[in-house]
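Notes for the one structure printed next.
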Amino acid sequence: MSAPIQLAPRLDLPAASALATTLKEQSDGELVLDMSDVKHLGALCLQVILSAATSAVEAGRSVSLINVSDRVIDQLRVMGMTPEAVARGRT
């Protein structure tokens, strides 16, 4: 398993650019996103994560979201997503 990428507590508009840069740098191996610190997941950062997951899956890499809190699961659900759907790179 690749080293997990620890995501910021607040994934909103100001965090999107840095998140995109971090995920673009992870072009090899499994993409593991550790969401243990995440308290807020906004739609733009979800799009960034989905884009990275889709690219990884298309390249034959696996994607995992780990330590997803109930709060973040609820935020994903409001946006019509689940951690499993994100990991499959599906919108």
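Overview of values
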item	result
Test item: Cα-centred dipole of the chain, Lys/Arg +1 and Asp/Glu -1 on Cβ, debye	200
Neighbour-limited loop hits for trypsin sites (Lys or Arg not before Pro), the chain (at most 15 other Cβ within 10 Å; DSSP other than H, G, I, E, B)	Lys39, Arg88, Arg90
Under-5 Å amide H pairs with Ile66, H placed in peptide plane, nonlocal only	Leu33, Asp34, Met35
C-alpha long axis of helix 13-24 to longest principal axis of the chain, angle in °	20
Heavy-atom accessible surface of the chain: percent carbon and sulfur, 1.4 Å	52
Rounded accessible area per residue of the chain, 1.4 Å, Å²	56
C-alpha long axis of helix 43-58 to longest principal axis of the chain, angle in °	20
Tail fraction, Cα-Cα pairs, the chain, threshold 16 Å, whole percent	47
The stretch 24-91: GluC sites (Glu not before Pro) in DSSP coil with no more than 14 other Cβ atoms inside 10 Å	Glu25, Glu30
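The values are calculated or read from the model by the stated rules, or taken from the named source; none is laboratory data. Bear in mind the structure is a predicted one, so any value in this text is a computation, not a measurement. Backbone-built Cβ (ideal geometry, glycine too); neighbour counts: all protein chains shown. To get the accessible areas, we keep the full protein, side chains included, count just its heavy atoms, and leave off ligands, DNA and RNA. Shrake-Rupley method; radii C 1.70, N 1.55, O 1.52, S 1.80 Å.
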